[in-house]
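The values are calculated or read from the model by the stated rules, or taken from the named source; none is laboratory data. These numbers come from a predicted model, not from an experiment. All Cβ positions, glycine included, derive from the backbone under ideal geometry; neighbour counts span all protein chains shown. Each accessible area value is taken on the protein alone, full model and side chains, heavy atoms only, with ligands, DNA and RNA left out. Shrake-Rupley method; radii C 1.70, N 1.55, O 1.52, S 1.80 Å.
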Amino acid sequence: MTTRTLRVLVLGGYGAVGAPATAALRAAGHTCLAAGRDPRRADLPLDLTRHDDYRDALEGIDVVVNAAGAEDPALAAIAADHGAAFVDPTATAGYTARLERLAPRAPVLLSVGLAPGLTTLLAADLHAAHPGTAPIDVAVLLGEGEAHGAAATAWTLGLLGRSFPDPATGETVRNLSRGARLDLPGQGRRRLLRADFADQHVLTRDLGRPVRTHLGLDSPALTRGLGLLARLPGAGRLRGVPHLPGTDAWTAAARSGPHLRRARGRGQSRATALVTAHAAALAADLPPGVHHLHRVTALADLPALPGVTLDPRGA
């Protein structure tokens, strides 16, 4: 990780992920500019559809953090052309694949949030300790009481009515359908739903074994309800969800047979922001090209993250 002071441009820097990422980077001594369309909240008012304005904003910037949810590969390419590293906590498989096809002149770092990101490191650590070809199942459990940002809500709703190819078999899988039963300490045996997080594709390729990601809510009943919602015609046209009662506790785990890696915490957006801020400091010293977090650091190298608990290895 770099020891120099960085100038960081945080796109969507006042949002659910952008604000705590900006705060964490500033607390580490870096200079941050929060960019966005709202001039009342942004240090730098910026419309990301206006690429010329974006180019101007890159003057003197070392790292760009894309916390705006804008899935435009041109943002990464333009940043790289200006010599700035680009860090994106996206979970979208298709967008990740488009970024991987770039040949950037500066580093682009992906898989840097909670899921992908922390989940990616959990799975990679499990594989390093217990290599083989048996599938790794990744579980992401979110609390119903989390006040998700607009981008995270839109991403989850975007799963409804859509399918994806299983990264190991190519078989078509409908999002939020086929459940898997996973044993999670403290939560029992839970049925979770398949969901197309980007790291299942990246890890299946990189680790040489099947990796499957599953999503659930803290309440088993609401997880079943989410699966039923996904079957309804027109569910993919939903644009908003009501805020539900409950906590903001989350669990991320990777399991293969008896082997488990798990992390827990409160506030999914904040955890995503903290891992992203750590990744931004790493990105500045990477070589040009597209990287994923598990290729440049390990679970054991993560600093203590406020509000995040890593279970002991093998727990």
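In the chain, the DSSP-assigned H stretches of four residues or longer account for a calculated mean residue ellipticity at 222 nm of -9000 deg cm²/dmol, using -39500 (n - 2.57) per stretch and the full residue count as denominator. Between the listed residues 177, 108, 58, the Cα displaced farthest toward the positive end of the dipole of the range 48-192, a dipole computed from Cβ unit charges relative to the Cα centre, is found at 177.
Summing Lys and Arg as +1 and Asp and Glu as -1 over all other residues whose Cβ lies under 13 Å from the Cβ of residue 91 gives a net charge of -4.
Sort out for me the Cα centre separation of the range 1-46 from the range 250-294, rounded to whole Å. With the range 1-46 and the range 250-294 each reduced to a Cα centre, they are spaced 19 Å. Database remark: amide H of residue 136 closer than 5 angstrom to the amide H of 211, 212 (H placed geometrically; neighbours at sequence offset of 5 or more, or on other chains; Pro and chain starts carry no H). Residue ranges 109-119, 248-258, 183-193 sort as 109-119, 248-258, 183-193 when ordered by packing (mean number of other C-beta atoms within 10 Å per residue, highest first).
Using a probe of 1.4 angstrom and keeping all protein chains present, the accessible surface of the range 260-315 works out to 41 square angstrom per residue.
Computed 3J(HN,Hα) for the range 87-97, one whole-Hz value per residue from the Karplus formula 6.51 cos²θ - 1.76 cosθ + 1.60 where θ = phi - 60°, is 10, 9, x, 4, 10, 7, 5, x, 5, 4, 5, glycine and proline marked x. Among 214, 130, 201, whose mean-square fluctuation peaks in a Gaussian network model of the chain (Cα, cutoff 10 Å)? It is 130. Rolling a 1.4 angstrom probe over the chain with all protein chains present gives an accessible area of which 53% lies on carbon and sulfur atoms.
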